[in-house]
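> Structure below; questions to follow.
The values are calculated or read from the model by the stated rules, or taken from the named source; none is laboratory data. Predicted model only: the values in this text are computed from it and were never measured. Backbone-built Cβ (ideal geometry, glycine too); neighbour counts: all protein chains shown.
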Amino acid sequence: MFFIKYYITTPIFYVTNKPHIGTAYTVIIADILARWHRLAGNDVFFLTGTDEHGEKIEEAAKKSKKTPQELVDEVSEDYKNLWKDLGITNNDFIRTTDKKHVETVGKFLTEIYKKGDIYKGAYEGWYCVPDETFITELQLVDGKCPICGREVKKVKEESYFFKLSKYQDRLLELYNKNPKFLMPKNKSQEIINRVKSGLNDISISRSTVKWGVELPMEKDHTVYVWFDALVNYLSAINWPNESYKKYWPADLHLVGKEINWFHSVIWPAMLFSIGLDVPKTIFAHGWWTVEGKKMSKSLGNVVDPLDIIKKYGNDSLRYFYVREIPLGDDADFSEKALISRINGELVNDLGNLVYRTLTLVEKFSGDIKGNKELEEKINIQKINNYMNDFDTFNAIEEIWSIVRNTNKYINEKEAWKLSGEELGSVLYNLLESLRIISILIAPFMPETSEKIRKQLGNKVENLSDCTFKTYTGKVKKEGHLFEKIK
């Protein structure tokens, strides 16, 4: 029996860019949160996918001598395959070229048009093709795109506009009444200040771009790629059919900070117009640099997550992501830092704890039972509160405090010197602590969790099983969880 629904999304990834450690970070963090809510017994719907329309796709297809459809089919498959390799447990993978999505965008725009929030005009201004973003004169940085730093081009064309300005006050009211809508807090004020400074109506169609969803009110226009893309969160759950209500509103849109504006301002305004509830939280995480430098093809420092997991394993990368930096902050990736985490916390702390405990159990022939000395050091509610607040950093720190306390317990008891009933009681505390640790790390390191569970001889359990019970497992040691990297 599920307790509550939990709808979590990543952004849909633009298919002209190959996946790197930044895109892998987004989807892995979302996967950790989705797995945690399943562990808590919730009905989780986890959505990811690819964004496949726009001028940038048209240009990339021409360069590669492919049709736009051939290009997006190929790259979208790359994303799907990588998510499988990364062990991502998404419930659906949506593509903006899916027939269902295209139809939903048409219905969505028709409803906004009926509300009088779309009108025809002409757009003249700057446009960044790589980011598919309209840029105002004030936003330019040294005449270039403020997001990617690349050249922008002057655009003048007939366009349809969305009355974003109409919803300025309502957006500010949303931010004020719902403090968890914009997260993390250190990024929310930037959005609020920008909205307070005034909103302009935005262009939502292109008459010069053919690779896109046709605008329902004028077929010679295609829908602006961002207006098209945001609707995926509804098309995936079958809006406007009644079944969409099972999961809407979304509980969390996890996005990179570069697209926070689209999700925190434009998307809720679109939903206001159509009369739908807004998502509960938009969480904008930070960027990853590589050894202190921004990732770029020209520097040759773009890190392929597939290369990393082939060398160090899925769980090592997952652990590094949550342990290295709080969600929301910018972070730096280096193999040296990753290896340090593996050798220190994974090999010495967790791996050593499991190996020492199971070695002691193998040599023991008595009853494994006793008092619950270590249970009071395990605070499940505290960890769950962290996860509900998207604080994966402190959640894994709290779990690791259990690992450290359990290692400390072995040393303080000098378990290797004990025997009989006294050793049986110590082993009971160790095995039950390990069983609970294996449950708690399952969302973060699913493969490692499974290895521990099998060696302990326990059945699959969930968050409600994280209390000390009668030990019923049958230990079978299978070597070290992690190997030290030289």
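> Quick one: in the range 438-460, of everything that is charged (D, E, K, R) and at pLDDT 95 or above, which residue is nearest to the chain's Cα centre (by Cα)?
E447
> Would you check which residues across the range 231-252 are closer than 19 Å to M183 by Cβ and hydroxyl-bearing (S, T, Y) and list them?
Residue satisfying the conditions is Y233 alone.
> For residues in the range 77-104 being outside any loop (DSSP other than H, G, I, E, B) and in contact with a Phe, Trp or Tyr (Cβ under 8 Å, 6 or more places away or on another chain), which is farthest from L215 (Cα to Cα)?
It comes out as W83.
> Between N371, N405, N348, which is closer than 30 Å to K486 by Cβ, among the polar types (S, T, N, Q) and either touching a residue at least 24 places away in the same chain (Cβ under 8 Å) or not assigned by TED's automatic domain parsing to the domain that holds E461 (or both)?
N405
> Taking the stated definitions as given, is K18 touching a residue at least 12 places away in the same chain (Cβ under 8 Å) and charged (D, E, K, R)?
Taking the combined requirement at face value, the residue satisfies it.
> Right, next: What number of residues in the range 327-342 are in contact (Cβ under 8 Å) with a residue 40 or more places away in the chain and over 19 Å from I437 (Cα atoms)?
9
> Give the number of residues within the range 307-324 that are buried (at least 23 other Cβ atoms within 10 Å of the Cβ) and either assigned by TED's automatic domain parsing to the domain that holds T26 or basic (K, R) (or both).
The number of residues fulfilling the criteria is 1.
> Among what's in the range 175-229 and is under 22 Å from the mean Cα position of the chain (by Cα) and in a loop (DSSP other than H, G, I, E, B), pick the residue that is nearest to F108 (Cα to Cα).
That would be F181.
> Additional query: Mind telling me which of the residues I396, I452 ends up being out of contact with any Phe, Trp or Tyr (no Cβ under 9 Å at 6 or more places or on another chain) and touching a residue at least 60 places away in the same chain (Cβ under 8 Å)?
I452
> Restricting the range 461-486 to residues that are modelled with pLDDT under 95 and among the small types (G, A, S), which is surrounded by the fewest Cβ atoms within 10 Å (Cβ to Cβ)?
Taking the candidates together, the pick is G479.
> Further, regarding this structure: Return a yes/no flag: does the range 179-188 have any residue that is over 30 Å from N314 (Cβ atoms) and of a type in the set (A, V, I, L, M).
The answer is yes, given that some residue of the range 179-188 is over 30 Å from N314 (Cβ atoms) and of a type in the set (A, V, I, L, M).
> Which condition breaks for N348 when tested against (1) in contact with a helix residue (DSSP H, G or I) (Cβ under 7 Å, 6 or more places away or on another chain); (2) closer than 17 Å to M445 by Cβ; (3) among the polar types (S, T, N, Q)?
Of everything listed in (1) in contact with a helix residue (DSSP H, G or I) (Cβ under 7 Å, 6 or more places away or on another chain); (2) closer than 17 Å to M445 by Cβ; (3) among the polar types (S, T, N, Q), N348 misses just condition (1).
> Further question on the same structure: For the range 149-174, give me each residue that is of a type in the set (D, E) and part of a strand (DSSP E or B).
E151, E157, E158, listed by residue number.
Residue by residue, here is whether (1) on the phi > 0 side of the Ramachandran plot; (2) aliphatic (A, V, I, L, M); (3) in contact with a strand residue (DSSP E or B) (Cβ under 7 Å, 6 or more places away or on another chain) holds:
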{"residue": "G198", "(1), (2), (3)": "yes, no, no"}
{"residue": "R206", "(1), (2), (3)": "no, no, yes"}
{"residue": "P216", "(1), (2), (3)": "no, no, no"}
{"residue": "A229", "(1), (2), (3)": "no, yes, yes"}
{"residue": "Y244", "(1), (2), (3)": "no, no, no"}
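> Of these, P179, P184, which one is surrounded by fewer than 19 Cβ atoms within 10 Å (Cβ to Cβ), in contact with a strand residue (DSSP E or B) (Cβ under 9 Å, 6 or more places away or on another chain) and more than 18 Å from M270 (Cα to Cα)?
P184
> Suppose we filter the range 252-268 for residues that are within 18 Å of K196 (Cβ to Cβ) and either touching a Lys or Arg at 6+ places or on another chain (Cβ under 8 Å) or aliphatic (A, V, I, L, M) (or both); how many remain?
Qualifying residue count, the range 252-268: 4.
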